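A short write-up of the structure that comes next.
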Amino acid sequence: MIEELFAIEEESYRDSIVHRLDARVKLILTIAAIIAVVSYPFEPDLYLVSGGFLLLLIILFGLSKTAVKTYLIRLAMILPFGFFIIVAQIFFKNPRYTEFTVLIDLPFGIAVYQESFLFALMLSLKFIVCVSFIILLSGTTPMQDLLEGAARLGLPAEFTLVLGMTIRYLFVFAIMYRHIQNALATRCFSAYNRALPYRYRISTIAYTIGTFFLRSFEQGERTYMSMLCRGYGRSSYIYITKKPLASTDRLVLGMIMPFIIIFPIIIYLL
């Protein structure tokens, strides 16, 4: 996970049409697409709507020059967080339906219902589309640009300050974790090495976690003292300069935003 954090940030600095877009445009499009997909009713037309948004994603991913393998790896890392909720739907009678058809009878009175299975399938489509937009956003926009874009769109200054500090020192802690991991590797220690006694591995991991928290605490103290020396106070905020949208950004926003809004409405009315 730590290595993937650095990989995502490094990839966001690549050069492509999507990478060069203003962070505000990508934030607006991502939020609009998520709202459009999530708010669409659980009806058979959802398959067509999801297909349209997936086609848009394929075009954007192609323009961003993101490798298919990279997308699949990141999607696989996120899938477990929603997989269990989606799979659990098939074992319960969904209140959206009045009649139920049993597909599979399992022991202990558990059954798989056809209607619940269709609901889970539509829920998975919504999940994949929303997560894919987030993967595209994070993979083509540096975190600092995301923060500045959100601030220019009206994110409160307090949130901007907290998120800015979180983003900045998230990588500090990640580097600290990497140093500890390298120190263990140079000492030929591996938590998965069965040649080492089990209790020794557990105790070493426990000491490592304790060391990491102590280093994090010390780094936090040093950081706070440095901030005080530089005039940090209750009224301190991150200064974000004003930046007008370029003509290319306006053109992309004007082309994609109507599709995100109008396409689901047309499918719903038809």
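The values are calculated or read from the model by the stated rules, or taken from the named source; none is laboratory data. Keep in mind that what you see is a predicted model, and the values were worked out from it rather than measured. Every residue, glycine as well, gets a Cβ built from its backbone with ideal geometry; the counts of neighbours run over all protein chains shown.
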Original post:
Do we have GLN89 as buried (at least 18 other Cβ atoms within 10 Å of the Cβ), without any contact (Cβ under 8 Å) to a residue 60 or more places away in the chain and out of contact with any strand residue (DSSP E or B) (no Cβ under 7 Å at 6 or more places or on another chain) here?
Top reply: yes
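Residues that are assigned to a helix (DSSP H, G or I), acidic (Asp, Glu) and not assigned by TED's automatic domain parsing to the domain that holds ALA67: does the range 207-219 have at least one?
Just the residues of the range 207-219 that are assigned to a helix (DSSP H, G or I), to begin with: 207-219.
Subset that is acidic (Asp, Glu): 218.
Cutting the leftovers down to not assigned by TED's automatic domain parsing to the domain that holds ALA67 gives us 218.
Looking through the range 207-219, at least one residue is assigned to a helix (DSSP H, G or I), acidic (Asp, Glu) and not assigned by TED's automatic domain parsing to the domain that holds ALA67.
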Original post:
Given the residues TYR71, TYR40, which is the only one that is farther than 30 Å from PRO244 by Cβ and in contact with a Pro (Cβ under 6 Å, 6 or more places away or on another chain)?
Top reply: TYR40
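Can you go through ALA120, ALA150 and tell me which one is closer than 30 Å to PRO258 by Cβ and buried (at least 18 other Cβ atoms within 10 Å of the Cβ)?
The unique qualifying residue is ALA150.
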**OP:** Kindly list the number of the only condition in (1) hydroxyl-bearing (Ser, Thr, Tyr); (2) more than 18 Å from the chain's Cα centre (by Cα); (3) closer than 30 Å to SER12 by Cβ that fails for THR101.
**Re:** (3)
Original post:
Given the conditions (1) hydrophobic (A, V, I, L, M, F, W, C); (2) under 29 Å from THR141 (Cα atoms); (3) surrounded by 15 or more Cβ atoms within 10 Å (Cβ to Cβ), and given that ILE73 satisfies all but one, which numbered condition is not satisfied?
Top reply: (3)
Original post:
Conditions: (1) surrounded by fewer than 16 Cβ atoms within 10 Å (Cβ to Cβ); (2) within 15 Å of the chain's Cα centre (by Cα). SER132 meets all but one. Number of the miss?
Top reply: (1)
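So which residues in the range 222-260 are in a loop (DSSP other than H, G, I, E, B) and either within 24 Å of the chain's Cα centre (by Cα) or within 30 Å of LEU29 (Cα to Cα) (or both)? Spell out how you get there, then give the answer.
We begin by selecting, within the range 222-260, every residue in a loop (DSSP other than H, G, I, E, B); these are 230-246.
Those that are in a loop (DSSP other than H, G, I, E, B) and either within 24 Å of the chain's Cα centre (by Cα) or within 30 Å of LEU29 (Cα to Cα) (or both): TYR237, ILE238, TYR239, ILE240, THR241, LYS242, LYS243, PRO244, LEU245, ALA246.
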Original post:
Does ARG194 qualify as being in a helix (DSSP H, G or I) and exposed (fewer than 10 other Cβ atoms within 10 Å of the Cβ)?
Top reply: no
**OP:** Residue by residue through the range 225-264, note down the ones that are of a type in the set (A, V, I, L, M, F, W, C), under 25 Å from ALA32 (Cβ atoms) and surrounded by 12 or more Cβ atoms within 10 Å (Cβ to Cβ).
**Re:** ILE240, LEU245, ALA246, LEU251, VAL252, LEU253, ILE256, MET257, PHE259, ILE260, ILE261, PHE263
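Just one of ARG215, ARG222 is within 21 Å of LEU170 (Cα to Cα), surrounded by 11 or more Cβ atoms within 10 Å (Cβ to Cβ) and either basic (Lys, Arg) or touching a Phe, Trp or Tyr at 6+ places or on another chain (Cβ under 6 Å) (or both); which is it? Please lay out each step first, then the result.
Values: ARG222 fails: surrounded by 11 or more Cβ atoms within 10 Å (Cβ to Cβ).
None of the other options fit; the residue is ARG215.
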